[in-house]
1. If you plug each phi of region 432-449 into the Karplus form 6.51 cos²θ - 1.76 cosθ + 1.60 with θ = phi - 60°, what whole-Hz ³J(HN,Hα) values come out, in order, with x for Gly and Pro?
2. Arrange GLU186, GLU18 by Cβ neighbour counts within 10 Å, fewest through most, would you?
3. If packing is taken as the mean number of other Cβ atoms within 10 Å per residue, what is the order of 302-312, 459-469, highest first?
4. Let me make sure I get this right: for the chain, a, b and c are the square roots of the gyration tensor eigenvalues over alpha carbons, sorted descending. Under 1.5 in a/c it's rounded, otherwise prolate if a/b > b/c, else oblate. Which is it?
5. Take every DSSP beta bridge whose two residues both sit in region 156-266, then give the antiparallel share in percent to the nearest 5.
6. Express as a percent, rounded to the nearest 5, the fraction of DSSP beta bridges in the chain (both residues included) that run antiparallel.
7. Apply the Karplus curve 6.51 cos²θ - 1.76 cosθ + 1.60, θ = phi - 60°, to the phi angles in region 35-52 and return the couplings in whole Hz, x for Gly and Pro.
8. Go ahead and estimate [θ] at 222 nm for the chain from helices alone: -39,500 (n - 2.57) per DSSP H run with n ≥ 4, summed, over the residue count, rounded to 500.
Amino acid sequence: MNTETKTCQNCKNQFIIEPEDFNFYKKINVPPPTWCPECRFQRRAIFRNERKLFRGKSALSQENILTLYPPEAGYTLYKDEEWNTDVWDPAKYGQEVDFSRPFLAQLHELNKKVPKAHASVLNMVNSEYSANAAELKNCYLLFNSNHTEDSAYGNAIDSCKSCVDNSHLQKCERCYGSFWLTKCYETHFSSRCEDCNDVWFSRDCRGCSDCFGCVNLRMQKYRIFNVQYSKEEYETKLKAMNLSTWSGFSRVSLEARSFWIQFPNKFLQGIQNTNVSGEFITHSKNTKNSYLVREGEDLKYCQYIQVPPGKDSYDASIAGWGMDLIYEGSVCGWQGGRLKFCFECWSNAYDLEYCMFCKSSSNLFGCAGMRNKKYCILNKQYSREDYFVLREKIIAHMNVMPYKDAMGREYRYGEFFPPEFSPFAYDQTITPEHFPLTKEEAAAQGFRWSNPSPTEYQTTMNATDLPDAIADISDEISKEVIKCAECGRAYRIIPQEIQFLKQNSVPAPRTCVDCRHWSRISQRNRAKLYARVCQCAGDTSENGIYKNTVKHSHEEGYCPNKFETSYAPERPDIIYCEQCYNAEVV
């Protein structure tokens, strides 16, 4: 088919559907989308509460729990280990299809009745305060993380050990305060580094060790702000920085960030890719307009595919771990495939449509909370033959009598769930990280906003009153309730954290967990691409701040290379194409 331009049903902006898109839709037998890619991602993201926990109680055991679901969601909650047993049967909530009403309205009613697992966790050991996670041991407040131990305060931490206050790490150990690291050891307050050891406040370094405040280095050692020193000189200068004190730490942190901005960024953050576009993509091929992807193949409009592998999917968010042929899915995968319009369906789930919270099942349509089932619709069991006949009848019914949300948007077969089906308010999800709105703007677009209750904790000290040096902080600090220096909310420094800080000679944090999280992910561009031209102007960058170290292929003139990048034109960052960037890295 030819390229088509459509008007988004939601934002009314135009978007393009390419021939390759039509081929994918034909392969999985779905109609083309009526929402643009950005609005589709926003709609899926509204179903993802990654980090906020609420107090609740298991309806089975009556145990107190910390759950992902706010009280106003009205869900019946079981502990995850209870939910995964046979003490309850989701099939008992099964119901007939009522063809006098929109199908999605019936599914929404069913989903609200079926109990939910409290935190979406699996195989956890001594990690009760984590959620959206699997295979964690001795971890505290880790979210969207897997196969990790002895770690705390992080999101998207995969296969790591003894890491604190990080975002988007893979196969790292003893790292602190960092963002997007791979295979690093004792790499602190650094960003976008790989295979680094004993590195501080550095960005875009690979194969480096004993470096401080460096940018765009390869296989280097004993450098400070990219200047080479002997081992003895390096150690002397590092000691003089007093990194174990808050005053010394704060000073050099500002220095490093000011230094970073003077160097070019590659238009797309990622390595060892073939035919990709988007941001934060590594070891991938044929991955288009996607974001935060590791080892992806044949993907488009996908985000947070960080536990590999993931392949042959469109519009999948927070997925991976063996996913295949997923379309318009949120939190789907883990050896799952052929999933359409699903939420929280994983662990060997195949051939599901319009399902929520289903595991180890196949051939389900419009089900909630099913496990080890097949040929069910609205949680009611059918024969194989009756299932496929009824499925076709429902699809036709969805197209004739679509669900209409409060904003008048129509949901025929082929659309993901309406945002109003989400158990979360807009500000309780990952959505503001990519589509920031005020409460009023969210309401105007039909999104709910939470009314958070005041903090229950009375602070016992201000963060500004913490001792300057970590050596002067005793273990008794874990008993204090500290007032965040930035937002004023209460936080604690747990014993595990104190031990880590002292072992690494870094000062105690002055801000709460949430403020530290937002500070880290501020290094992560939003999932939006802009058409731009390389800012290499021959001998220097276009703004004259960076002086090139070698002659480039375009020589004295401006580089003509064009690309799509997540760096907005109004930002001060220097953006080079891949050829110009690679010419400059040491």
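Bear in mind these aren't lab numbers, they're just calculated from the coordinates by the rules spelled out. Treat the numbers as computed from the prediction; the structure is a model and nothing was measured. Here Cβ is always computed from backbone atoms with ideal geometry, including for glycine, and neighbour counts include all displayed protein chains.
1. Karplus-based 3J(HN,Hα) across region 432-449 equals x, 5, 10, 10, x, 9, 7, 4, 5, 5, 4, 4, 5, 9, x, 9, 6, 10 Hz.
2. Ordered by Cβ neighbours within 10 Å, fewest first: GLU18, GLU186.
3. 302-312, 459-469
4. Oblate shape, in that a/c is at least 1.5 and b/c is the bigger or equal ratio.
5. Percentage antiparallel, nearest 5: 5.
6. Taking every DSSP beta bridge within the chain, about 20 percent pair in antiparallel fashion.
7. 9, 6, x, 5, 5, 5, 5, 4, 5, 6, 5, 5, 8, 10, 8, 8, 10, 8
8. After summing the helix terms and dividing by the residues of the chain, the value is -5500 deg cm²/dmol.
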